[in-house]
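Engineer: Okay, here's the structure, questions in a sec.
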Amino acid sequence: MGDGHGSQARMRLLLVEDSARLRELLIEAIHGAGWRVDAVATVGEATEAVAVTPYDLLLVDLGLPDGDGLDLVRAFRRDGVKTPILVLTARAAIDERILGLDAGADDYLVKPFNNGEFLARCRALLRRAPDTKTPILLAGRLSLDVATGAATCANVDLGLAPRERMVLEILMRDAGRVVQKRKLEHALSEFGDELSSNAVELAISRLRKKLEPHDCGVSLETIRGVGYLLREATP
Amino acid sequence: MTKEQPSLVTIVVRRIIFYSALAMLGQFLAVVIQAWSDDLQLGHMAIEQESFSLAQGLSRVDGGVSYSLPRSLQARYRQEEHDYFARIRNRSGVVLFSNCDRECAERFLPLNIDPPNFWVRQLAPGKPLNVAGGLLVDRGVEPILVEVAILGDKDHIVNSVLAHEIKDHMATPMSLLLLVVLFATTLSITRALKPVAQTAALVPSINPLNKNARLATEELPLEIATLTRAINAACDKVGELMRAQRDFTSAISHEVRTPLAIAHLELEKIADPRARKVESDLETLNQLVEQLTTLARLEGADLISMQPIDLRHMAEDVVSAMAPLVYASGKTIEFVDNGASEFPGHPTLIENALRNLVDNAIRHTGARADIRVEVGPGAVFCVCDNGMNSGLEQPNAVPPSSPRKGLGLKIVNRIAEIHGGRLTVNKLTTGGTRVCLAFRGSGQLSVLPTM
C-alpha cells in the first residue's frame with residue numbers, strides 16, 4: 001500500500017520537528033514514499049509555511065524550541081486550517097494523547113516508531129480526508145476510484161455491488177484501523193432499504209469472496225464484537 | 001481517629017469538672033476555717049438551725065398554738081443528763097415547752113421581756129460550743145420565741161451546721177453553675193467545631209493539581225480559618241510536587257524517546273540480521289521507559305476526581321486501537337460484552353490497565369494466539385489468551401534477575417489498588433491465561449482470589 005504511485009504521488013507534507021537527525025530521517029522516508037516535504041524546526045517557521053503553502057498533511061512534533069506543538073495545532077484549527085494533522089511525540093500517556101486529539105490533531109504517533117508505521121499513518125490520513133484531491137484510494141494492490149466506483153485488484157476489475165463498494169471505501173479510507181460495525185451499518189442504511197440484521201456480515205462476506213481469488217496484498221480481518229480491519233498483508 | 005483519642009468536648013468537660021472540684025475544695029476549706037475560727041458566728045448559725053428544727057413542732061390548735069417536740073429531737077431534749085435546753089414561749093411569756101431547770105432558765109431571756117426577733121449569747125469561749133439564743137418564729141397565729149442553749153455540743157450540732165452552710169451557700173449554687181457552664185461549653189465547642197468537621201469532610205476531595213479547588217476560609221472562626229489556610233497551602237505544595245513529578249517524567253520520557261526513534265529509523269536501513277536483534281532490544285528498552293514513566297505518573301496523578309466509566313465503550317476502543325498491532329503480530333483479538341456496568345474511576349488509568357493487559361497478552365503469548373477481551377458482568381474486565389504461552393508476566397514467577405518483568409502487572413495492580421479493585425491471574429486448563437480486574441460494585445471482589 002502506498003507505494004507513492006497514483007494520485008498520492010504529488011502530495012505535499014509539512015514536517016515540524018526540532019531534532020535535526022530525526023528530521024533528516026523522516027524526510028528520507030517521506031521522499032521514499034514519493035511525496036514532497038517541507039521541513040521546519042520551530043512554531044514560527046511552521047506558521048509562516050502554512051500561511052503561504054497549501055499542504056496535504058501536517059506532521060507536528062510537540063516539544064518545539066519556541067512553543068508547544070499542541071498550541072500550534074490549536075492555532076491552525078482556530079485559523080480554519082483543515083489539513084489533516086499527525087502529531088509526532090514522545091508524550092505517550094493516554095491523557096496526553098487525548099489532549100492532542102482534543103486540540104485538533106487527527107492522529108497521534110508516539111516515538112519511537114518505524115518507517116512502516118509512520119508512512120501507514122500518513123497514508124491513512126491522506127486517504128481519510130473527505131476533500132482529498134485524490135479520487136483513487138490505494139491499499140496494497142487494491143484500488144478504488146471513488147468517483148467512478150471502479151474497484152480493481154492488480155488492475156483486474158472486482159465487479160463490486162454498490163453496498164460492497166461502499167463498505168470497501170470505508171475500509172480503505174481507514175485501512176490499518178478498525179472500522180466499527182455500527183459505522184458500516186450506518187453507511188449501509190443510507191441505501192434506503194430496510195437493513196437486515198446481518199447486512200454488514202453479508203456485504204463483508206461477499207467482498208471477501210471477490211477479493212480472495214486475487215492477490216490484493218491486503219487482508220480483511222473480523223474483530224469479533226467490534227468491527228473489521230483492512231490491513232496490508234505482511235510481505 | 002482511634003477510640004483512645006478523646007474528643008475536644010470530652011477533654012474540656014473533664015478539665016472543667018477537675019478545676020471546679022478544685023475550686024469547690026478551696027471554697028469548702030475557706031468556709032470551714034472561717035466558721036470554725038469565729039465562735040459567735042458559729043453559735044449564731046447553730047442557734048438559728050436548732051431553732052428552726054424545734055419550730056417544726058409548732059401547730060395551730062383552735063385559734064391558738066400548741067407544741068409537741070419533734071420525734072427527731074426527742075433523744076436530744078428529753079434525756080435526763082443532757083446538754084441541750086429548749087424553751088418555747090409566746091411573747092406574753094406563756095411557755096409551750098421547756099426542758100429547762102431553774103439554772104438553765106437563767107441563760108434565757110426573762111419571760112416578762114418582749115423578745116427581739118433573734119438573739120444569741122456566747123456562754124463560754126472556744127470549743128466545744130457553749131452558746132444560748134433565740135429566734136422569733138411566726139406560724140400565722142402569733143410570734144413564738146424558740147430559745148436554745150447548747151452546753152458542750154455532745155451531738156456535734158456544729159458539724160451539721162457546717163454541712164448545711166456548705167450545702168446552702170457553696171455546693172448547690174456551684175453545682176448549678178457547673179451544669180450551666182458544662183452545657184454552654186459543650187454547645188459552644190460543638191458549634192465552633194462544626195466548620196472543622198465540614199472542612200475535614202471536604203479535604204479528601206481536594207484536587208491538589210487544581211489551584212481553584214481549595215477550602216473556603218470565609219465565615220470561619222479565626223483559628224479554624226488559619227488551619228484551613230494551612231491545609232490549602234499544603235495542597236498547593238502537593239500540587240507543585242505532582243506537577244514537578246509529571247513534568248520530570250514527561251521530560252525524561254521525551255529525552256529518551258527521541259533518540260530511540262532516531263535509532264529505530266537508522267537501524268531499519270541496515271539489512272544485517274543483527275540490526276533486527278538491536279531493534280528488538282530497543283523495543284524492550286522503550287517498553288521499560290514507558291512502564292517506568294507510567295509508574296512515576298501514577299504516583300503523581302490526580303487520584304481524587306473520579307468519573308463514571310463506560311467500560312464497554314472503553315474496552316471496545318482499546319480493542320479497536322490495539323487490533324492492528326495484534327494482527328501484525330500474527331494473533332487475533334475479539335471483544336465480548338457480558339453486561340458491563342458503569343462505575344466511578346479514573347478513565348485514563350483504567351484504559352492504561354486494559355492496554356497493559358492486552359499488550360502483555362501480545363508480548364507473552366506464542367504465535368497465532370487468540371486474545372479475548374471480556375467486560376462484565378458488572379464492573380470487571382478480563383483479558384484471556386488460549387495459550388501458546390511463552391511465559392506470561394507474573395510477579396510471583398519472575399526471576400529476580402529480570403527487573404523489567406512484572407512492571408506491567410505492577411502498574412495494573414497499582415491501578416486496581418487506587419480503585420479499591422482486585423487483580424487476579426489464573427492459568428487455564430487449556431494452557432492459556434485469564435487476567436481479570438474487578439472493581440468495587442462488580443460483586444466479584446469477594447470471590448476473586450487475591451493476586
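Engineer: Kindly indicate whether A:Arg128 is more than 25 Å from B:Ile371 (Cβ to Cβ) and modelled with pLDDT under 90.
Structural biologist: Criteria met by A:Arg128.
Engineer: Next question, about the same structure. How many of the residues in segment A:203-216 are within 14 Å of A:Lys181 (Cα to Cα) and either loosely packed, with under 15 Cβ neighbours inside 10 Å or in contact with a Lys or Arg (Cβ under 6 Å, 6 or more places away or on another chain) (or both)?
Structural biologist: 2
Engineer: Additional query: Give me the pairs, please: first residue somewhere in segment B:311-333 and more than 7 Å from chain A (Cβ to nearest Cβ), second residue anywhere and among the small types (Gly, Ala, Ser), beta-carbon distance under 6 Å, and either six or more positions apart or on two chains.
Structural biologist: The qualifying pairs are B:Leu311/B:Ala340; B:Arg312/B:Ala340; B:Gly330/B:Ala367; B:Lys331/B:Ala369.
Engineer: Additional query: Read through the list (1) aliphatic (A, V, I, L, M); (2) in contact with a helix residue (DSSP H, G or I) (Cβ under 8 Å, 6 or more places away or on another chain); (3) in a loop (DSSP other than H, G, I, E, B), then give the number of the only condition that A:Leu126 fails.
Structural biologist: Result: A:Leu126 passes all but (3).
Engineer: A further question on this structure: Do you know which of the residues in segment B:249-277 that are of a type in the set (A, V, I, L, M, F, W, C) and in contact (Cβ under 8 Å) with a residue 24 or more places away in the chain is farthest from A:Glu117 (Cα to Cα)?
Structural biologist: Here the residue is B:Ile252.
Engineer: Another question, then. Name every residue in segment B:57-96 that is among the charged types (D, E, K, R), at pLDDT below 90 and either more than 21 Å from B:Pro143 (Cβ to Cβ) or assigned to a helix (DSSP H, G or I) (or both), in order of residue number.
Structural biologist: Scanning segment B:57-96 gives B:Arg76, B:Arg78, B:Glu80, B:Glu81, B:Asp83.
Engineer: Report, ordered by the first and then the second residue, all pairs with beta carbons closer than 8 Å, sequence separation of six or more or different chains, a first member in segment A:163-192 that is within 15 Å of A:Ile223 (Cβ to Cβ) and within 14 Å of chain B (Cβ to nearest Cβ), and a second member that is of a type in the set (S, T, N, Q) and assigned to a helix (DSSP H, G or I).
Structural biologist: So the pair list comes out as A:Arg177/B:Ser320; A:Val178/B:Ser320; A:Gln180/B:Ser320.
Engineer: Right, something else. Would you tally the residues in segment B:338-382 being under 17 Å from B:Gly420 (Cα atoms) and more than 14 Å from chain A (Cβ to nearest Cβ)?
Structural biologist: 7
Engineer: Which residue, of B:Arg440, B:Arg368, B:Arg422, is modelled with pLDDT of 70 or more and closer than 23 Å to B:Ser329 by Cα?
Structural biologist: B:Arg368
Engineer: Would you check if B:Arg15 is at pLDDT 90 or above and either surrounded by 11 or more Cβ atoms within 10 Å (Cβ to Cβ) or in contact with a helix residue (DSSP H, G or I) (Cβ under 6 Å, 6 or more places away or on another chain) (or both)?
Structural biologist: Yes; evaluated as a whole, the condition is true for this residue.
Engineer: May I ask you to say which residue of A:Ile27, A:Ile85 is β-branched (Val, Ile, Thr), buried (at least 20 other Cβ atoms within 10 Å of the Cβ) and at pLDDT 90 or above?
Structural biologist: So the residue among A:Ile27, A:Ile85 that is β-branched (Val, Ile, Thr), buried (at least 20 other Cβ atoms within 10 Å of the Cβ) and at pLDDT 90 or above is A:Ile85.
Engineer: Which residue is farthest from B:Leu437 (Cα to Cα), if the candidates are limited to segment B:347-375 and must be buried (at least 19 other Cβ atoms within 10 Å of the Cβ) and small (Gly, Ala, Ser)?
Structural biologist: B:Ala369
Engineer: When you go through B:Lys269, B:Lys277 one by one, which is the residue that is of a type outside the set (Phe, Trp, Tyr), assigned to a helix (DSSP H, G or I) and at pLDDT 80 or above?
Structural biologist: Only one candidate qualifies: B:Lys277.
Engineer: Name the single residue that is surrounded by the fewest Cβ atoms within 10 Å (Cβ to Cβ) among those in segment B:207-243 being within 19 Å of B:Ala296 (Cβ to Cβ) and of a type in the set (Lys, Arg).
Structural biologist: B:Lys237
Engineer: Considering each residue of segment A:16-45, count those that are away from chain B (no Cβ under 13 Å), of a type in the set (A, V, I, L, M) and within 22 Å of the chain's Cα centre (by Cα), and give that number.
Structural biologist: Going through segment A:16-45 one residue at a time, the tally reaches 4.
Engineer: Tell me which residues, restricted to segment A:208-226, are touching a Ser or Thr at 6+ places or on another chain (Cβ under 8 Å) and of a type in the set (Asp, Glu).
Structural biologist: Selection gives A:Glu221 alone.
Engineer: While we're on this one: For B:Glu223, are the conditions met, namely being under 51 Å from the mean Cα position of the chain (by Cα), under 30 Å from B:Arg191 (Cα atoms), part of a helix (DSSP H, G or I) and among the acidic types (Asp, Glu)?
Structural biologist: Judged against the criteria, B:Glu223 is a match.
Engineer: Now for a separate question. Considering segment B:379-391 alone, what residues qualify as being more than 20 Å from A:Arg224 (Cβ to Cβ), at pLDDT below 90 and in contact with a Gly (Cβ under 9 Å, 6 or more places away or on another chain)?
Structural biologist: Residues satisfying the conditions are B:Asn389, B:Ser390.
Engineer: Also: Tell me the strands (runs of 3 or more DSSP E) entirely within segment A:1-98 that contain at least 2 residues that are under 30 Å from B:Arg297 (Cα atoms) and of a type outside the set (S, T, N, Q).
Structural biologist: Ranges flagged: A:12-16, A:57-61, A:85-89.
Engineer: Taking the residues in segment A:105-125 that are at pLDDT 90 or above and farther than 17 Å from B:Ala261 by Cβ as candidates, determine which candidate is surrounded by the fewest Cβ atoms within 10 Å (Cβ to Cβ).
Structural biologist: Going through the qualifying residues, I end up with A:Asp106.
Engineer: Sticking with this structure for a sec: Which numbered condition trips up B:Ser68, out of (1) more than 60 Å from the chain's Cα centre (by Cα); (2) closer than 18 Å to B:Leu151 by Cβ?
Structural biologist: So B:Ser68 meets the others, but not (2).
Each row is one residue, and each column tells you yes or no for (1) at pLDDT 85 or above; (2) more than 14 Å from chain A (Cβ to nearest Cβ).
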site: B:Leu187; (1), (2): yes, yes
site: B:Pro208; (1), (2): no, yes
site: B:Ala213; (1), (2): no, yes
site: B:Glu218; (1), (2): no, yes
site: B:Glu223; (1), (2): no, yes
site: B:Cys235; (1), (2): yes, yes
site: B:Ala244; (1), (2): no, yes
site: B:Asp247; (1), (2): no, no
site: B:Ala251; (1), (2): no, no
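The values are calculated or read from the model by the stated rules, or taken from the named source; none is laboratory data. These numbers come from a predicted model, not from an experiment. In this analysis, Cβ positions are derived from the backbone assuming ideal geometry, glycine residues included, and neighbour counts consider all displayed protein chains.
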